[in-house]
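Chemist: Sharing a structure below in structure tokens format, with a few things to ask.
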Amino acid sequence: MKIRNRLTLIYTLVVALILLALSLYVYYLVKLNFHKVFFEKLENRALSTAKVFLEKDEVSAAAFKDLEKRYTQTLPGEMVRVYDDQNRPVFIAEAKEGDFPPELINRVRQQQGKLELDEGGKQIVGIPYSDNQGEFIVIAAAADSSGGASLAFTRNTLITGYVCSLLIVFVSGRFFSKQALNPMSDIVRNVNRIRASNLHLRLSEGKGKDEIAELSITFNHMLERLEKSFETEINFVHNASHQLRTPLATMILELEVALTKQRTAEEYDALLKSVLTEAEKLNHIITGLLELAQVNRDEGGSQTGLVRLDELLWDVRDKVTKEIPDSKLLIEFADLPSSTDDLTIRGNKPLLDIALFNLIENACKFSKNEEVTIHLSTSIAGTLIIIRDKGIGIPEDELEQVNKSFYRAKNALSFNGSGVGLSLAEKIIKVHKAEFKLSSKLGKGTVIQILFPNVS
């Protein structure tokens, strides 16, 4: 069942139950009021009869005429009897045959007060009445035909109003549910139009702050991630095919040339060394591609934990020194906090290790064994790492290009590398919500600043 129909039915059912309870309550109150009013009329009729019959000799002529006037105002199908202390009828108000059973008379006498009954479609009132002539029982009975008709009219009106109200509620529920869910229909229609070829499209978020707007925003965030993933996939395939082709082509060409004729042992040795060099380049490129893929896969922070930055820098320093034994690395600490917690961040340690290793290795490689300084300090803004070298630097017109995957500056082509390290490191740093700044002067060196903000 569609949400629109479900909402309409639930809304109609809830309102129907409320209206039913309200209608029954109103009907009950009206019925109770009719009974109360008619019993009061019946009681007044019984008292008027008793006074006309028993107190004629005790009231003035004017009062008696008033009693007579009220006495003539009979009720539909009424029957009034006055009984003495022997249960004998001493007064019959109308020329009708019939009498009240002794059990009822005795019950009124034992009640010692007014008795009201509903019996045989009639209302009955019995009251004890004391007079100078003795103790009497007055019983009056009548059918509330006008009240019954009014009650029936009220019941029919409530039923008709109830049915009409349900129809109005159902129609209005359909209309309002459609209006409320129209944005959902728009979202479904727009999402169905989005394909792999047009992932740049976005849903309208409107100006509202309701759940529909939140859903659109969530969809747009998902589309951004999908678009980024597709772009990464495309770039990965393009870069992989481009970068892997060169060393593979070189290896194939050298092997084909070697197979054209018999070679000396020295020639085979040189050939194998050349193939090994190209294979190492190929391995380096593949490693960089896999690390790029790992960064994209972990962009949501699924493998995060607590990382001590000072300890991480020492670990990376040891790895770089082992990789480049002639490197000159100097780690400086300044403005360190009293607690090591201020040097601890939440992040992916393996990825941060890769980022810092690539940056420090590049600094050593392009410095030609000049000193490389690694500075660590803390402030209100956060924890700052500065990597400063005295290497070849980067041409000013290429500063904005070097952070692209596989791009290599012109003055760096003579050095071993694939152009993945810097772009990979910057991507890892930004994944950790840190600031990454690169400045360089050709022939004087490069400075990289990484600021991990404090998390309050």
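The values are calculated or read from the model by the stated rules, or taken from the named source; none is laboratory data. Given the structure is predicted, the values throughout are model-derived calculations rather than measurements. As a convention, Cβ positions derive from the backbone with ideal geometry for all residues, glycine included, and neighbour counts pool all protein chains shown. Just the protein is used for accessible areas: all its heavy atoms, side chains included, with ligands, DNA and RNA removed. Shrake-Rupley method; radii C 1.70, N 1.55, O 1.52, S 1.80 Å.
Chemist: Of the numbered conditions (1) assigned to a helix (DSSP H, G or I); (2) open to solvent by less than 60 Å² (accessible area, probe 1.4 Å); (3) modelled with pLDDT of 85 or more, residue 141 fails exactly one; give the number of that condition.
Modeler: Result: residue 141 passes all but (1).
Chemist: Within the stretch 400-409, is there a residue that is of a type in the set (A, V, I, L, M, F, W, C) and either surrounded by fewer than 16 Cβ atoms within 10 Å (Cβ to Cβ) or outside any loop (DSSP other than H, G, I, E, B) (or both)? So that I can check it myself, show each step before the final result.
Modeler: Applying the first criterion (of a type in the set (A, V, I, L, M, F, W, C)) to the stretch 400-409 yields 402, 406, 409.
If we keep only those that are either surrounded by fewer than 16 Cβ atoms within 10 Å (Cβ to Cβ) or outside any loop (DSSP other than H, G, I, E, B) (or both) too, we end up with none.
The answer is no; no qualifying residue exists.
Chemist: Please go through the stretch 305-358 and give me each residue that is polar (S, T, N, Q) and outside any helix (DSSP H, G or I), ordered by number.
Modeler: Restricting attention to the stretch 305-358, the residues satisfying the condition of being polar (S, T, N, Q) are 321, 327, 338-340, 344, 348, 358.
Scanning the stretch 305-358 gives 327, 338, 339, 344, 348.
Chemist: Can you tell which of 383, 378, 344 is open to solvent by 30 Å² or more (accessible area, probe 1.4 Å), closer than 18 Å to residue 314 by Cα, in contact with a helix residue (DSSP H, G or I) (Cβ under 8 Å, 6 or more places away or on another chain) and modelled with pLDDT of 85 or more? Lay out the reasoning, then the answer.
Modeler: Working: 383 fails: open to solvent by 30 Å² or more (accessible area, probe 1.4 Å); 378 fails: open to solvent by 30 Å² or more (accessible area, probe 1.4 Å).
Every option except 344 fails the conditions.
Chemist: Being free of Cβ contacts under 8 Å to residues at least 60 places away in the same chain and polar (S, T, N, Q), is that true of even one residue in the stretch 382-400?
Modeler: no
Chemist: Out of 424, 442, report the one residue that is within 39 Å of the chain's Cα centre (by Cα) and farther than 27 Å from residue 336 by Cβ.
Modeler: Values: 442 fails: within 39 Å of the chain's Cα centre (by Cα).
One residue alone meets the criteria, 424.
Chemist: Now a separate question. If you scan the stretch 304-329, which residues turn out to be aromatic (Phe, Trp, Tyr) and either in contact with a Pro (Cβ under 9 Å, 6 or more places away or on another chain) or in contact (Cβ under 8 Å) with a residue 40 or more places away in the chain (or both)?
Modeler: none
Chemist: Continuing with the same structure: What's the total number of residues in the stretch 111-129 that are farther than 22 Å from residue 77 by Cα and at pLDDT below 85?
Modeler: 3
Chemist: I've got another one for you. Given the structure, is residue 150 more than 28 Å from the chain's Cα centre (by Cα), over 30 Å from residue 15 (Cβ atoms) and of a type outside the set (A, V, I, L, M)?
Modeler: Values: more than 28 Å from the chain's Cα centre (by Cα): yes; over 30 Å from residue 15 (Cβ atoms): no; of a type outside the set (A, V, I, L, M): yes.
So residue 150 fails the test.
Chemist: Let me confirm something: among 150, 165, 146, which residue is in contact (Cβ under 8 Å) with a residue 60 or more places away in the chain, assigned to a helix (DSSP H, G or I) and under 22 Å from residue 48 (Cβ atoms)? Spell out the reasoning first.
Modeler: Details: 150 fails: under 22 Å from residue 48 (Cβ atoms); 165 fails: under 22 Å from residue 48 (Cβ atoms).
Sole residue among the options that is in contact (Cβ under 8 Å) with a residue 60 or more places away in the chain, assigned to a helix (DSSP H, G or I) and under 22 Å from residue 48 (Cβ atoms): 146.
Chemist: Looking only at the stretch 186-216, filter to residues that are aliphatic (A, V, I, L, M) and part of a helix (DSSP H, G or I); which one of those is farthest from residue 228 (Cα to Cα)?
Modeler: Filtering the stretch 186-216 for residues that are aliphatic (A, V, I, L, M) and part of a helix (DSSP H, G or I), the one farthest from residue 228 (Cα to Cα) comes out as 212.
Chemist: Another question about this same structure. In the set 390, 433, 368, which member is in a loop (DSSP other than H, G, I, E, B) and modelled with pLDDT under 85?
Modeler: Criteria check complete, one pass: 368.
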